[in-house]
Amino acid sequence: MLINLRTAYGEELLALAKENSRVVALDADLCGSTQSVVIEKNFPERYFEMGIGEQNMISVAAGLSLTGKIPFAHSFAVFASGRPFDQIRQSVCLPKLNVKIVGSSCGLSDFGDGATHQSFEDLATMRVLPGMTVFCPADAVETKWAVRQAAAIDGPVYIRLNRNDLPVLFDEKTPFETGKPLVVKEGSQVALVATGTMTAIAMEAAGLLETKGISARVIHLGTIKPLDTAALAKAVNGVRGIVTCEEHTIYGGLGSAVAEALCAAPLPMRMVGIQDRYGQSAVCYDELLVHYGLTKENIAAAAEKLL
Amino acid sequence: MNPERIAELKEKARAVRLGIIEALGLEKRGHLGGSMSCADIVAALYFYKMRHDPKDRFMPDRDRFIMSKGHSVLAQYAALAEAGYFPKETLKKTKTLGCILQGHPERETPGVEANTGSLGQGLSIGIGMALGGRLDGLGYHTWVILGDGELAEGQVWEAVTAASAFKLDNLTAIVDMNGIQAVGKTCDRYDLGDIRGKFSAFGWKTFEIDGHDMTQIVRALDEASEVKGVPTAIIARTVKGKGVSFAENTHAYHNNLLTKEQQEQAVREILAM
Ligand SMILES: Cc1ncc(C[n+]2csc(CCOP(=O)(O)OP(=O)(O)O)c2C)c(N)n1
């Protein structure tokens, strides 16, 4: 079953807003895409259209949080994290404010618009900020969990969302926990540690490896920061190597986070991700996944090289 | 300006509009509305006002053009193809993998001077070009097209004050004031008030025109390039989607797909304009 992440996000944000009157939303002329439009429709007084002005939006969100509101500030990932980086650092993270930043249409998912709209750097830039929590959900269920968790955390949170219909991997019983890895498939020889959209693709890669007689464990990391290092070390225990899988540059994102976490007791690693490049336009998403080497075959090949 | 020349320019504008439809193609989402609203201005710049030569792309004193609202680049691609910077055939391949015509302007494309697409940065890039030209004693003029929604970006107003401070009379900002941004009407979503008054207050010489009236466009471009001592802004009242009835005055075709029938209708209507 496929569910659109943006739709799931909007549904949960609305449900949250109904329960908690402190929740407010801001957007920079993309509320239809990001789905913050659900707040504008249902609680117009709690929606703030900031025009195409992301920097102002983030500092305004900081101010709102100082009045006890829980602001969710939205744009495409590239604009939500990139344009106002200084505002996120200075207005929000340094004073530890309760601001939620939602980066929509992340990675390659805005395939037509090309490099300016495709965000491969946001996990890295958001992750380097002390105090920031970074979620990168893999499906609709986890997206909803991330919305709830973001509201429960008293501090800055970045949620990275893909714009597509994605397979549902989890259910209400999935024991999500901030910072904890989730073993989604058991296996003994190699660990595929994935985040966001790449978790479903890593599952397929594990299937492919199985046909070649290789047993792959799939571990989903829906939180890029904070990361429970001990739990991660435990999750990869016993395998001979790790392949990290992310729809993001290999510099500074999931792969780096895993390498940093395990550097005291390292395992051989390979990183599947964007190889230090910018994006480009294409007629469909899958074409770009192939072009940038983010397929199950790429993951399986990386795993085979480790063994 | 004699009527024949105006008629010729109107034909160029028609070619630009047809080129936009060609580049948009089928089964590809694209920014029809904002490309159509600036088509007449883009045609006047490339086929009347600007000094440029597709056979000598890097001549130092060429006039510079920046599509600050980079999503409207389809209009620029169509003009560049019409001017001979690359074969018209290439338009069809816009936004396909590996094509020189990307979703937003990139310098790899012959004739494109600056990368834009993240709104609000083009006028600042234009200031740099204008400063560089002045430093080198080159007489070129820099023309920057901005969207009215784009004017919400704070950087635009940093640029507006900078151009004034540097007295850049070799720089013109053209605001494609179609009154609509991505999600709705600019006045409903985020009201910028009196745009012309704002530029004037910051020390710019301003002109307000009908951005689809070729005679007015040509006159404003001429007058703007003659002004001395201050930067100039042309506030062009336009219609988003101009020329394609179902896309006019709506945000529905800000970034959208065309069906085969819609494509045919668009071509018919543009030919009848
Ligand atoms: C910094 C930034 N934020 C958001 C966007 C997404 N976006 C692309 S076009 C657009 C609306 C532009 O409206 P306007 O400037 O009025 O252009 P026009 O109506 O002429 O198309 C938005 C929000 C972007 N490209 N850049």
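The values are calculated or read from the model by the stated rules, or taken from the named source; none is laboratory data. On a predicted model such as this, the values are computed, not experimentally measured, just so you know. Cβ placement follows ideal geometry from the backbone for every residue including glycine, while neighbour counts extend to all protein chains displayed. Quick note on the areas: whole protein, heavy atoms, side chains included, nothing else; ligands and nucleic acids left out. Shrake-Rupley method; radii C 1.70, N 1.55, O 1.52, S 1.80 Å.
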Checklist entry - Using the alpha-carbon centroid of each, what span in Å lies between the stretch A:258-307 and the stretch B:2-27? => result 44 Å
Checklist entry - Volume per residue, Å³, of the convex hull around the alpha-carbon atoms of the protein assembly as shown? => result 158 Å³
Item to check | Most positive-pole-ward Cα, A:Val78, A:Gln149, B:Gly179, against dipole of the protein assembly as shown from beta carbon charges | outcome: A:Gln149
Next on the checklist: Explain nothing, just the number: dipole magnitude of chain A about its Cα centre with +1 on each Lys and Arg Cβ and -1 on each Asp and Glu Cβ, in debye rounded to the nearest 20.
Outcome noted: 760 debye
Checklist entry - Alpha carbon centre of the stretch A:204-233 versus the stretch B:31-53: separation in Å? => result 52 Å
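Assuming R0 = 30 Å, can you tell me the calculated FRET efficiency for the pair A:Ala233 and A:Glu19, based on Cβ-Cβ distance, to the nearest 0.05?
It comes out at approximately 0.20.
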Checklist entry - Based on the inverse mean of 1/r over its pairs of different Cα atoms, what is the Kirkwood hydrodynamic radius of the stretch B:136-256, in Å? => result 15.1 Å
Next on the checklist: Taking R0 as 56 Å, what FRET efficiency do you get between B:Leu138 and A:Glu204 from their Cβ-Cβ distance, rounded to the nearest 0.05?
Outcome noted: 0.50
Checklist entry - Per residue, how much space in cubic angstrom lies within the convex hull of the C-alpha atoms of chain A? => result 118 Å³
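How big is the charge dipole of chain B about its Cα centre, in debye rounded to the nearest 20, if each Lys and Arg gets +1 on its Cβ and each Asp and Glu gets -1 on its Cβ? Mind dumping the intermediate values first?
Values: 33 positive and 35 negative charges, 58 e Å.
Magnitude of the dipole: close to 280 debye.
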Item to check | Proportion of all alpha-carbon pairs of the stretch A:134-176 beyond 17 Å (%) | outcome: 29 percent
Checklist entry - For the stretch A:182-306, what is the accessible area per residue in Å² when the probe is 1.4 Å? => result 39 Å²
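Would you mind getting the accessible area per residue of the stretch B:3-271, heavy atoms of the protein chains only, 1.4 Å probe, in Å²? Each step should come with its number before you reach the end.
Numbers: 10120 Å² over 269 residues.
That works out to 38 Å² for each residue.
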Item to check | At most 14 other Cβ within 10 Å, DSSP loop - chymotrypsin sites (Phe, Trp or Tyr not before Pro), the stretch A:234-292 | outcome: A:Tyr278
Checklist entry - Running Debye on the stretch A:182-306 with equal point scatterers at the Cα sites and no solvent, what base-10 log of I(q)/I(0) appears at q = 0.17, 0.20, 0.21 Å⁻¹? => result -0.78, -1.07, -1.18
Checklist entry - Can you give the angle from 0 to 90° between the axis of helix B:122-135 and the longest principal axis of chain B, with both taken from C-alpha atoms, to the nearest 10? => result 50 degrees
Checklist entry - Could you give the nm distance between label points at B:Arg51 and A:Asp154, where each point is 7 Å from its Cα heading toward the beta carbon? => result 6.6 nm
Next on the checklist: Let me understand the stretch B:178-246 better: what is its radius of gyration from the alpha carbons, and its Dmax, in angstrom?
Outcome noted: 13.9, 43
Item to check | the stretch B:140-202 versus the stretch A:155-194: alpha-carbon centroid distance in Å | outcome: 44 Å
Next on the checklist: At 1.4 Å probe size, put B:Arg219, A:Arg127 in order of accessible surface, largest to smallest.
Outcome noted: B:Arg219, A:Arg127
Checklist outcome for this item: Lys and Arg at +1, Asp and Glu at -1: neighbours of A:Ala73 with Cβ under 10 Å from its Cβ sum to -1
Checklist entry - So what's the back-of-envelope 222 nm ellipticity for chain A, counting only DSSP H runs of four-plus at -39500 (n - 2.57) apiece and dividing by all residues, rounded to 500? => result -9500 deg cm²/dmol
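Computed on protein heavy atoms with a 1.4 Å probe, what is the summed buried accessible area for the chain pair B and A, in Å² to the nearest 100?
2100 Å²
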Checklist entry - What GluC sites (Glu not before Pro) in the stretch B:98-205 are in a loop by DSSP, with at most 15 other Cβ atoms within 10 Å of the Cβ? => result B:Glu108
Next on the checklist: Using only Cα atoms and rounding to the nearest 10 degrees, what angle (0 to 90) does helix A:296-306 make with the longest principal axis of chain A?
Outcome noted: 50 degrees
Item to check | 18 Å cut-off, amide nitrogen to a point 7 angstrom out along A:Leu94 Cα→Cβ, residues in the stretch A:72-86 | outcome: A:82-86
Item to check | Label-point separation in nm, B:Met1 to B:Asn256, each point 7 Å along Cα→Cβ | outcome: 3.1 nm
Checklist entry - Among A:Ala206, A:Ala233, A:Ala140, which one moves the most in a GNM of chain A with springs linking Cα atoms closer than 10 Å? => result A:Ala233
Next on the checklist: Please report the equivalent ellipsoid semi-axes of the stretch A:2-167, computed as sqrt(5 x eigenvalue) of the Cα gyration tensor, largest first, in whole Å.
Outcome noted: 20, 19, 15
Item to check | Charge sum, other residues only, whose C-beta stays under 13 Å from B:Glu269's C-beta, Lys/Arg counted +1 and Asp/Glu -1 | outcome: +1
Item to check | the stretch A:184-252: relative contact order as a whole-number percent, Cα under 8 Å and 6+ apart | outcome: 48 percent
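Round to a whole number: what % of the accessible area of the stretch B:67-185 belongs to carbon and sulfur, probe 1.4 Å?
Of the solvent-accessible surface of the stretch B:67-185, carbon and sulfur hold 54 percent.
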Checklist entry - Tilt of helix B:214-226 relative to the longest C-alpha principal axis of chain B, in degrees (0 to 90, nearest 10)? => result 30 degrees
Checklist entry - Label-point separation (nm) for A:Ala264 and A:Leu2, each offset 7 Å from Cα along Cα-to-Cβ? => result 4.4 nm
Checklist outcome for this item: With the stretch B:33-117 reduced to its Cα atoms and the Debye formula applied, log10 I(q)/I(0) at q = 0.11, 0.18, 0.21 1/Å amounts to -0.25, -0.71, -1.00
Next on the checklist: Can you find, among A:Ser119, A:Asn237, A:Val60, the residue sitting farthest towards the positive end of the charge dipole of the protein assembly as shown, where Lys and Arg contribute +1 and Asp and Glu -1 at Cβ?
Outcome noted: A:Asn237
Checklist entry - Hey, what's the Kirkwood Rh for chain B if you take every pair of different alpha carbons, in angstrom? => result 18.4 Å
Checklist entry - How many partner chain Cβ atoms sit within 10 Å of a residue's Cβ in peptide B:148-160, on average, as a whole number? => result 3
Item to check | Structure-based [θ]222 nm, chain B - -39500 (n - 2.57) summed over DSSP H runs of at least 4, per residue, nearest 500 | outcome: -12000 deg cm²/dmol
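Can you pull the percent of chain A's accessible area that's carbon plus sulfur, 1.4 Å probe, other chains left in place?
Whole-percent figure for carbon plus sulfur exposure: 55.
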Checklist entry - Which whole-Hz ³J(HN,Hα) couplings does the stretch A:264-271 yield from phi under the Karplus relation 6.51 cos²θ - 1.76 cosθ + 1.60, θ = phi - 60°, glycine and proline marked x? => result 6, 9, x, 10, x, 9, 10, 10
Checklist entry - Pulled fully out, how much extra length does the chain show between B:Glu89 and B:Thr215, if you take 0.36 nm times their separation in residues and subtract their Cα-Cα distance? => result 42.3 nm
